[in-house]
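In what follows, a structure is listed as structure tokens, so that the remarks can point back to it.
The values are calculated or read from the model by the stated rules, or taken from the named source; none is laboratory data. For clarity, every value in this text was computed on a predicted model and none was experimentally measured. In this analysis, Cβ positions are derived from the backbone assuming ideal geometry, glycine residues included, and neighbour counts consider all displayed protein chains.
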Amino acid sequence: MRLPDSFLDDLRSRLSLSHVVGKKVVWDMRKTNQARGDWWAPCPFHQEKSASFHVLDDKGYYYCFGCQAKGNVFKFVQETENVSFIEAVEILAREAGMPMPARDPKAAERSDRRTELAKVTEEATRWFRLQLSTGAASDARAYLDRRGLNAATLDTFEIGFAPKTSDALLTALEGKGISWDLIEGAGLALTDDDGRRRDRFINRIIFPIRDPRGRVIGFGGRAMNPNSPAKYLNSPETELFDKGANLYNLRSARAAAGKGAPLVVAEGYMDVITLHQAGFESCVAPLGTAVTERQLQMMWKVTPEPLIALDGDAAGQKAGLRVADLALPLIAAGQSLRFAILPEGMDPDDLIRAKGRGAMQSVLDGARPMLSLLWSRETEDKVFDSPERRAMLDQSLRALLGKIADSSLRRHYGQEVARLRADLFGLPRDAPMAPLPDPVPDMPPDPGPPPEDAPRAYVQKAPARRPWVPKGQFRGRASLPQPAATATRASPLAQGTLSPDTLLEQVGLAGLVLHPGLIDDFAEALEGMTWSRDDHERIAGALLRLPDGLDRPGAFEELSRSLGEETLDYLLAQPQIRISPVARPGADQEHARPCIHDAFTRLAARRGADRERVEAMEDFADGADEAMTWRLAQATQRKEAARKTAQQNEGTSEDGDAADKDYLQGLLDTRVWEKSRNK
């Protein structure tokens, strides 16, 4: 079966080589330069401890300096999975979510047609280039000269000209024996309503568009007639050209980004060309449409954090927000966007010609994180002088956080939003921000609507929420988003204190460090937990990344390598861990399982109850009444139900389970986390 070149190209564009190889190796981050797509690891094809296996994402190529293994993404899958080329393509297609081409005898014919169309576009490119030097293009040359483009830039971007004659290109191509079918199929000519054939581009400056393989797949044309209904005109969708799946100048930008240059995303052709001439060679632009999801993925394959250069007007701001909204569900650790806001009324071309390269560099250096742009949209030019308006902001922020698919990133966004909200309202940094809770393990179902005998105030419509400054036991719950500074101040090294949630987290994590065979059983809890401390989050992440089948010594060695021995030593040296059932001499997985399970279940119950209490206090902030009492009672009942459910579901021995429960309850009852006020 012959696979179309276009299908293989599309597959390469969707899956980076480092992503595929990363499933088989452990990257050496000391040698790796992720921003440049330059990756190193011990070779998967021979036994070694040093990192001699080299992957270059921009070239889609790997090479081992030890055993000389080399190839592309298809060769790698063939060698590591011991499969044929077609089977390797099928594996990668499933990974990318792409259906395999049907076993169509005409597939080769279609592939050949695309090859012929590419020859036609190359011929047209040469013809357009020649026209720029003719007398008919004098106005076009003068325009390009006014825009400050030099001869080297014109050659680099192969800028050409389409004359005023309506069928000049058509006549030239047919004179070379090229059929009308191919000329039309390449998007270079069309048939008018009266049946007359003519060129698509007339009296326009022409910008050829090349794909990552270097083929000319389409053209953009800038009108010389100021009265033209379309200032810029692009090729139509063809067998070669898909506007939403390509970026202008991507091939050149990818090479420059591989040398360390940041990827700049501008609005149009002239912006890219001016940026490139000014020394910003890693720059691209969408092709006459809004940025698409496919284009975002292409940008992220070049660099983890592209810079979106926004024109300094209302339209530019709106375009940036559309990109941010599109990207929000797709962002992940190390994969986001930054936004460079230009002075009002200027685009990159205007700024560079008016103030020079340094002014543009300053704008790029001051690029804002994506959250900053989104926060400005939610708060700028708005007044929050009433509980209703503040509640509306909270609702918008919850919806914003809910779009983020990555749970860890959503948690960090929640912490930053909580900080910004506290600053906006003049509240303490640890005030709750109507949190978007992460999934928690083994939570009993919501009690549902209140019973008929519930207080009347509860079943009536609740008053609008307003921001509430928590006091006493409601301050600083770990289930609420916390800013990084708060987490630092809460460190036991800084204050000598441990919260009850922190104690339970340490018991669960220590149990999995000492009994790595149980990690799969608690993977959901590790992924969904809101950790009270950054080091706990790092330990949880390292546990999830451990290879399957490691025994305790092997797991400890791997964790020490990724976390540092001091992190594990500190965790396991805690007094509550040394006396825990998970660390007792002779304790095996079956002894440790119920204790770990109970620790995570108690965390879930505590945090669920905390959220219920916080919401009740917010809803009835005007004073205690029967409704609030009923809701708080429900929270307490749910907490107790969670503990009972855990015991029933675990199926362990009553004696062992009771001992574990007594141990954990003892930690909480003795209130060892509280700092004595008498000292």
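For the reader, a short list of remarks on this structure follows.
- Of note, PHE85 satisfies the criterion of being surrounded by fewer than 14 Cβ atoms within 10 Å (Cβ to Cβ), of a type outside the set (Val, Ile, Thr) and either free of Cβ contacts under 8 Å to residues at least 24 places away in the same chain or more than 30 Å from MET224 (Cα to Cα) (or both).
- In the range 28-38, the residues that are surrounded by 15 or more Cβ atoms within 10 Å (Cβ to Cβ) and either at pLDDT 90 or above or part of a helix (DSSP H, G or I) (or both): ALA35, ARG36
- Options GLY345, GLY366, GLY358: the member that is surrounded by fewer than 17 Cβ atoms within 10 Å (Cβ to Cβ) and on the phi > 0 side of the Ramachandran plot: GLY345
- Qualifying residue in the range 277-290 (condition: touching a residue at least 60 places away in the same chain (Cβ under 8 Å) and closer than 22 Å to LEU401 by Cβ): no
- Beta carbons closer than 6 Å, at least 6 apart along the sequence or on distinct chains, pair a first residue in the range 412-426 that is more than 13 Å from ARG390 (Cβ to Cβ) with a second that is among the polar types (S, T, N, Q) and surrounded by 18 or more Cβ atoms within 10 Å (Cβ to Cβ) for GLN415/GLN482.
Listed here are the residues, each with its yes/no results for (1) surrounded by fewer than 17 Cβ atoms within 10 Å (Cβ to Cβ); (2) more than 28 Å from ARG294 (Cα to Cα); (3) acidic (Asp, Glu).
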| residue | (1), (2), (3) |
| --- | --- |
| ARG146 | yes, yes, no |
| ALA168 | no, yes, no |
| LEU173 | no, yes, no |
| LYS176 | yes, yes, no |
| ASP193 | yes, yes, yes |
| ILE202 | no, yes, no |
| GLY214 | yes, no, no |
| GLY218 | no, no, no |
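- First in the range 378-402 and at negative phi and free of Cβ contacts under 8 Å to residues at least 24 places away in the same chain, second anywhere and surrounded by 16 or more Cβ atoms within 10 Å (Cβ to Cβ) and not in a loop (DSSP other than H, G, I, E, B), Cβ under 8 Å, 6 or more apart: GLU378/LEU393; GLU378/LEU397; GLU378/LEU400; LYS382/LEU393; SER396/GLU378
- Residue match in the range 256-271 (condition: in a strand (DSSP E or B), touching a Gly at 6+ places or on another chain (Cβ under 8 Å) and not polar (S, T, N, Q)): no
- Neighbours by Cβ (under 7 Å, 6+ apart or cross-chain): first from the range 38-64, assigned by TED's automatic domain parsing to the domain that holds ASP28 and closer than 16 Å to HIS19 by Cβ; second surrounded by fewer than 21 Cβ atoms within 10 Å (Cβ to Cβ) and basic (Lys, Arg): TRP40/LYS31; PRO44/LYS24; GLY60/ARG12; TYR62/LYS70
- Residue within the range 136-156 that is of a type outside the set (A, V, I, L, M) and within 20 Å of SER235 (Cα to Cα) present: no
- The range 240-276, residues that are within 18 Å of PRO212 (Cβ to Cβ), buried (at least 22 other Cβ atoms within 10 Å of the Cβ) and of a type in the set (D, E, K, R): ARG254
- Top-ranked residue in the range 39-70 [being out of contact with any helix residue (DSSP H, G or I) (no Cβ under 6 Å at 6 or more places or on another chain) and within 19 Å of PRO212 (Cβ to Cβ); ranked as surrounded by the fewest Cβ atoms within 10 Å (Cβ to Cβ)]: LYS59
- Only one of ALA118, ALA172, ALA124 that is at pLDDT below 95, farther than 30 Å from LYS355 by Cβ and small (Gly, Ala, Ser): ALA118
Quick grid of which residues meet (1) modelled with pLDDT of 85 or more; (2) part of a loop (DSSP other than H, G, I, E, B):
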position: LEU3; (1), (2): no, yes
position: ASP9; (1), (2): no, no
position: SER18; (1), (2): yes, no
position: LYS23; (1), (2): yes, yes
position: VAL26; (1), (2): yes, yes
position: LYS59; (1), (2): no, yes
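- Yes/no for GLN78 being at pLDDT 85 or above and not in a helix (DSSP H, G or I): no
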